[in-house]
Amino acid sequence: MGFLGRILGKVDFSDQISPRGVTWLIANVEGIGTETLQFVEPGVSCSFSASMLIPNVLEEFRHPKLAVVFGLGRGHAFFRTSHLRRVLIRHRESLRDATSLAEAIRSEGFALKRVEYVSFE
């Protein structure tokens, strides 16, 4: 089974980001000038030891179809901004929450991946 077959549809992103966070992403992604966005909800933090592993998270994006990586805990995700922009072109109006965002990402042929070596609280 290939990379996408192992992770596509198998990670629960349903409450990873609040509806307010999804709204923020929709409103602000065009102004982001980097290829990868680290999104963190207000009140969520990353421990120093976990922050040392963020380069490993960014390495996950070597796979060209990967759009989102997130770790343990809620309220955070790393997005490939070019893929997120592509998703918004066709799905902006239907995005209400993390579940609809994940469905739109998958419908465009992109993947989401959960890693267990980094944690946000």
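The values are calculated or read from the model by the stated rules, or taken from the named source; none is laboratory data. What you see is a predicted model; the values in this text were computed from it and never measured. Don't worry about glycine lacking a Cβ; one is built from the backbone with ideal geometry, like all the others, and counts go over all protein chains shown.
I'd like to check something: does segment 91-99 contain any residue that is aliphatic (A, V, I, L, M) and either more than 11 Å from the chain's Cα centre (by Cα) or more than 21 Å from residue 43 (Cα to Cα) (or both)?
Yes, segment 91-99 contains a residue that is aliphatic (A, V, I, L, M) and either more than 11 Å from the chain's Cα centre (by Cα) or more than 21 Å from residue 43 (Cα to Cα) (or both).
Looking only at residues that are in contact with a strand residue (DSSP E or B) (Cβ under 8 Å, 6 or more places away or on another chain) and of a type outside the set (A, V, I, L, M) in segment 109-120, which one is surrounded by the fewest Cβ atoms within 10 Å (Cβ to Cβ)? Steps first, please.
Quick first cut of segment 109-120, residues in contact with a strand residue (DSSP E or B) (Cβ under 8 Å, 6 or more places away or on another chain) only: 110-120.
With of a type outside the set (A, V, I, L, M) added as a condition, the list becomes 110, 113-114, 116-117, 119-120.
Values: 110: 21, 113: 21, 114: 16, 116: 7, 117: 10, 119: 15, 120: 19.
Only one residue fits best here, namely 116.
Would you confirm, using the coordinates I've provided, whether residue 12 is farther than 14 Å from residue 118 by Cα and modelled with pLDDT of 95 or more?
no
A quick yes/no check of all residues on (1) out of contact with any Cys (no Cβ under 8 Å at 6 or more places or on another chain); (2) of a type in the set (Val, Ile, Thr); (3) more than 20 Å from residue 11 (Cα to Cα):
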position	(1), (2), (3)
26	yes, yes, yes
62	yes, no, no
84	yes, no, no
105	yes, yes, no
